[in-house]
1. What number, rounded to the nearest 500 deg cm²/dmol, is the helix-based mean residue ellipticity at 222 nm of the chain, given -39500 (n - 2.57) per DSSP H run of at least four residues and division by all its residues?
2. I'd like to know which of Leu105, Pro516, Gln371 lies farthest towards the positive end of the charge dipole of the chain, counting +1 on Cβ of Lys and Arg and -1 on Cβ of Asp and Glu.
3. Residues of the stretch 426-457 with the amide nitrogen closer than 17 Å to a label point 7 Å from the Cα of Glu389, along Cα-to-Cβ, please.
4. Per residue of the stretch 101-112, what does 6.51 cos²θ - 1.76 cosθ + 1.60 with θ = phi - 60° give for ³J(HN,Hα)? Whole Hz please, x for Gly and Pro, Karplus curve as stated.
5. When only C-alpha pairs under 8 Å and at least 6 residues apart count, what is the relative contact order of the chain, in percent?
6. Using 0.36 nm per residue of separation minus the Cα-Cα distance, give me the extension gain between Glu139 and Leu424 in nm, one decimal.
7. Please give the length that would be gained between Asp165 and Arg298 if that part of the chain were fully extended, namely 0.36 nm times their separation in residues minus their C-alpha to C-alpha distance (nm, one decimal).
8. Work out the FRET efficiency for Glu66 and His98 from their Cβ-Cβ distance, taking R0 = 51 Å, and round it to the nearest 0.05.
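Nothing in this text is a laboratory measurement; each read-out follows from the coordinates by a stated rule. None of these values were measured; they are calculated from a predicted model. Neighbour counts run over all protein chains shown; Cβ positions are idealised from the backbone, glycine included.
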Amino acid sequence: MAGRIEDYALIGDLQTAALVGRDGSVDWLCLPRFDSPSCFAGLLGDRQHGAWRLAPAAVGGSVAGECTRRQYLGDSLVLESIWATPDGTVRVVDFMPHRERVPQLVRIVEGVNGTVPMRGELRLRFNYGRVHPWVRRTEHHRVAVAGPDSAWLRVPPGVHTYGQDGCTTSEFTVRAGDRVPFVLTWQPSHLHSTPRSDPVQSLAGTLDGWEHWAAGCRYRGEWHRAVLRSLITLKALAYEPTGGIVAAPTASLPEDIGGIRNWDYRYCWLRDSSMTLSALLRGGFREEASAWRKWLLRAIAGDPGDLQAVYGVAGERGLPEIEADWLPGYDGSVPVRFGNVAVRQLQLDVYGEVVDTMHLALQAGIPMERQVWSLLRTLMAFLEKHWAEPDEGLWEVRGARRHFVHSKVMAWVAADRALKMAELTGLPAPVDRWREMRDAVHADVCENGVDRRRGLFVQDYGSSELDAASLFVVKSGFLSPDDPRVTRTVEAVRTELDHGGLIRRYSTSSGTDGLPGSEGAFLACSFWLADALGAIGRAAEARELFVRLVSLGNDVGLLAEEWDPLEGRQLGNMPQAFSHVALVNSAFELSAAAA
């Protein structure tokens with residue numbers, strides 16, 4: 001069975017990513033891209049569905065338990081796990097080097113002191129744990145082949161390796177000063193040889209590359225370590241060849257253990273990507289914003305009415321959702337889903353997120369090219385005609401479309417930021433129409449999005465239900481923080497959506513999302529509450545909440561989507577861009593307020 005969600009650390013090469021457990025097992029890896037079928041799917045079942053464990057051997061030939069401690073080396077995505085055993089101390093360094101031609105996963109075992117027997121167990125299972133490959137031995141490799149996939153395990157001399165029952169087992173002993181590297185390389189199965197590389201040189205190059213990138217961080221506030229780790233995590237979710245940014249590297253980790261709220265997040269949501277770019281821009285990283293705008297231009301080219309909320313990492317539009325009935329799911333949470341039906345949904349808030357990010361990029365000094373301006377005008381023309389329609393909203397409800405307040409507020413954001421960019425650039429624009437739209441949306445929300453009896457913003461028109469996304473009435477600048485409707489909304493969200501001192505997105509018992517079951521406290525929404533508390537002058541409470549949220553990160557600073565305060569554990573896909581974006585933005589807000 002897989003470990004707890006917070007037991008996993010992330011490594012990656014800016015094109016895909018792997019999750020490594022505290023027990024030394026790589027339980028999730030999709031190759032060659034984030035959204036490719038996995039070769040390790042133990043995370044959604046057990047190790048028979050694909051995993052690679054490398055750890056000290058225990059008595060009787062099994063593998064020892066969890067590592068004593070672990071950390072990322074410096075400001076990098078290189079993971080060091082250390083086991084202190086009765087026989088001695090050993091460390092395993094896991095990383096994925098920057099890709100030249102094919103992806104590689106490198107694991108280097110180093111003896112620290114004493115003499116430690118080690119054991120590796122590699123179970124390759126292609127196509128999400130469904131396909132057992134044929135494995136053969138070459139002079140230097142074990143080669144697993146099935147269909148279009150092949151994986152080559154390079155084993156150092158002196159390591160005894162044998163195959164049995166679909167598992168490639170390695171046994172060896174390390175002493176102080178020993179360094180034993182393993183390299184797993186993926187490539188298309190029709191190729192008959194794999195490139196060789198020096199693992200030690202790859203390690204040095206990978207460390208240098210991450211350290212050089214991280215040095216560009218301009219946040220120097222109190223929470224520098226947490227902010228920089230979040231920014232590194234967000235960078236790791238960017239698909240370098242195209243500029244697309246995935247919402248998370250995993251699929252079907254549950255929002256409710258044993259429930260059906262299991263979704264595939266390995267794709268590029270315009271909303272999540274836009275928010276990620278906003279955090280990277282605030283952190284001082286402009287190159288990613290430029291690459292993402294180019295990805296955006298390619299992905300949404302065509303009729304703006306065909307704009308999707310989510311795309312593949314290269315801009316693919318078809319992401320059919322399937323249920324993998326051969327996988328038992330994380331901790332029995334089924335169905336396991338790959339693909340996402342959100343491609344067919346109307347989510348009007350994404351227009352506001354995209355336009356807002358363009359505005360932030362312009363403020364950061366990234367020029368507004370005419371083709372980008374043309375795209376913006378096209379998006380605005382569509383939004384002018386359709387902002388008043390119901391949609392599935394920010395939370396991608398699978399019930400009926402509604403007039404969600406957040407979607408309307410973000411339509412206002414689109415018009416407001418478009419007007420500001422027209423003023424800043426002097427580029428041609430129908431400013432009178434945009435101003436008219438902005439005023440109309442504002443009036444509509446204030447008329448229909450407020451519970452008149454309580455004087456606060458609700459989830460959707462005609463409803464009395466609350467939604468944490470209503471906090472955007474202050475975060476976006478839609479209303480002044482001292483507006484009584486704002487303060488009442490903040491207080492109501494804080495108390496009525498409370499879940500162990502954090503907050504839920506909304507009440508799942510209302511039936512709005514069309515799904516059974518419940519979920520945990522949503523971490524991004526809880527960060528938004530900290531921002532809102534700070535905005536309305538409750539700085540001490542904002543800081544207290546923020547500090548608690550940061551403390552919920554795992555031992556290497558990673559956050560999943562949600563937190564279960566009853567069980568004290570993380571829930572949902574891991575690590576989640578939404579959560580780390582919110583952490584970065586909250587840290588900037590709190591630091592600015594304290595300055």
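1. Details: 14 runs with 192 residues, N = 595.
Mean residue ellipticity, 222 nm, calculated: -10500 deg cm²/dmol.
2. The residue sitting most towards the positive pole is Leu105.
3. none
4. 3J(HN,Hα) across the stretch 101-112, in whole Hz: 10, 9, x, 9, 10, 10, 10, 10, 9, 10, x, 9.
5. 12
6. Result: 96.2 nm gained on full extension.
7. Going from the current span to full extension adds 43.3 nm.
8. That pair, Glu66 with His98, gives E of 0.95.
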